[in-house]
Structure formats: structure tokens, C-alpha cells
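Trainee: Below you'll find the structure I mean.
Since every read-out is calculated from the coordinates, none of them should be taken as a lab result. These figures come from a predicted structure and were not determined experimentally. Here the Cβ positions follow ideal geometry from the backbone for every residue, glycine too, while neighbour counts run over all protein chains shown.
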Amino acid sequence: GAVVSQHPSWVICKSGTSVKIECRSLDFQATTMFWYRQFPKQSLMLMATSNEGSKATYEQGVEKDKFLINHASLTLSTLTVTSAHPEDSSFYICSASGRTSYEQYFGPGTRLTVT
Amino acid sequence: AQKITQTQPGMFVQEKEAVTLDCTYDTSDQSYGLFWYKQPSSGEMIFLIYQGSYDEQNATEGRYSLNFQKARKSANLVISASQLGDSAMYFCAMREGKNAGGTSYGKLTFGQGTILTVHP
């Protein structure tokens, strides 16, 4: 299947700082990318959907000013957690889909710990 | 209302036995897709199997098969001949239609997940 990478795979940051997570589709053009958040032993919760070249659509309850999403190209989307707090500590996973595929290809996830 | 329901928080199975993981869904769309993913402790989401709403045959992929009961709105995953490496969290997910105004397929909604433990 198609390959999606995420960087970094894990990050520890201090409270109040910002963290950027990258999601790349390595061998296909991702017209849509999705960002999920997952707490331990829980389900994936969709945070936002981004289409290349347009603003992201955020799910209800997700602060768009806190979780900045940029999808500047067909192979890269970034999630920036601004002014991170300990409650933002979580596992963040991106996925990507192309124009013709029904499938979403998931990245390996990024584990964020805010101290 | 919950769109995807997995009622089994945890399941245990003996190695080499078959196991069924339950999933029910709720949608008013005629066109939708159902997915099963495996998530081991490493966190990666591994795609297992897909069933389209118009597919008449149950999907099969190796040891995985999807028991699709459209009238009951259920899409149970059957794993045959369980292996120790099958121990993981399993998620059922549904995609409804397409992004409004877009060309890509719509977002996935996930169930709560089932933790499967395979005993030797």
C-alpha cells in the first residue's frame, strides 16, 4: 500500500511552547489529509480534515487557533500545537487519501508529551 | 448517536482458534464503506479489510473475513486460525459518501475498539 510518514515519531516539549508535526505522503498525491488524536486505550478522534490548498475543516470542539493545520502541497500537511499544555499530551496520527482511492493510508503516529 | 459501535472492550482467544469481533453501524447513506484496522502496541494503524455497501460478496483477505449483514447493519470481523501476533487493538470504521464539494472520499468514523488477546 501507499506510504505515509510522520515526523517526529515522538516529542517532549515544555508547557507553553509550540510543536510542529509533519505528515508526508511518499508515493502518491494526497488530495485530502486527516488529523486524529488518540488517548491511551481509546479510539481515534478526528480533529480536522484538510484539502490541499484550502483551509482545514475542524471538528466540533477542536480549537483551530490552538491546532494549526497547513496543507500546502499534495504531499505535505503539518499540524502545529501552539502554546502546548500537559493536557495536549496525546498520540497524534495523520492519514491521507488520493483522488481515486477509497482507502486512507495512515502515518505511524507522533507521541507528544508536554511537561 | 454513535455511528459505529463495538460492544466488546476485550476479547480472548486461544491460538489457532477463530474469533469474531463485533461491529454495528448506523447511517442513512446508501453509499458507504466499512473498514477494519489493527493497531498493535506500536501505535501504527494497519489496514485489514474493506467492504463497500454495494458489494454483494463478503470481503476476505487471507485469514480475515468480514461478515457483512446489511439489513442488520453489522460488519463483524472474523479472524481464522488466530496467531500470537494478532494480539492488538482492532477498530471498525465507516466512511460515508464523499467530502462535500471535493473529489476525495469522506472522513472515517471509528468505533471504540476491541482489545484482542491471543493465548498460547
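Trainee: Using a cut-off of 15 Å between beta-carbons, work out the net charge of the residues near B:S87 (Lys and Arg +1, Asp and Glu -1, B:S87 not included).
Mentor: 0
Trainee: Also: Just in region A:29-115: which GluC sites (Glu not before Pro) are loop by DSSP and have at most 12 other Cβ atoms within 10 Å?
Mentor: Passing sites in region A:29-115 are A:E63.
Trainee: Hey, another quick one. Residues in region A:20-55 near a label at A:A72, defined as backbone nitrogen under 14 Å from the 7 Å Cα→Cβ point?
Mentor: Counting backbone N atoms under 14 Å from the label point, the list is A:20-24, A:53-54.
Trainee: Within chain B, what's the longest run with no trypsin sites (Lys or Arg not before Pro) in a DSSP loop and at most 13 other beta-carbon atoms within 10 Å? Give the range, please.
Mentor: Here the longest run is B:17-69.
Trainee: Right, next: Which chymotrypsin sites (Phe, Trp or Tyr not before Pro) in region B:11-65 pass both tests, a DSSP loop state and at most 16 other beta-carbon atoms within 10 Å?
Mentor: Listed in order of number, the matching sites are B:Y54.
Trainee: What is the distance, in nm, between label points placed 7 Å from the Cα along the Cα-to-Cβ direction at A:D65 and at B:A71?
Mentor: Using points 7 Å along Cα→Cβ, the separation is 5.4 nm.
Trainee: Where in chain A lies the longest segment free of trypsin sites (Lys or Arg not before Pro) that are both loop residues by DSSP (not H, G, I, E, B) and have at most 11 other Cβ atoms within 10 Å?
Mentor: A:42-115
Trainee: Using a Förster radius of 41 Å, what is the FRET efficiency between A:S54 and B:T20 based on their Cβ-Cβ separation? Nearest 0.05, please.
Mentor: After rounding to 0.05, the efficiency reads 0.50.
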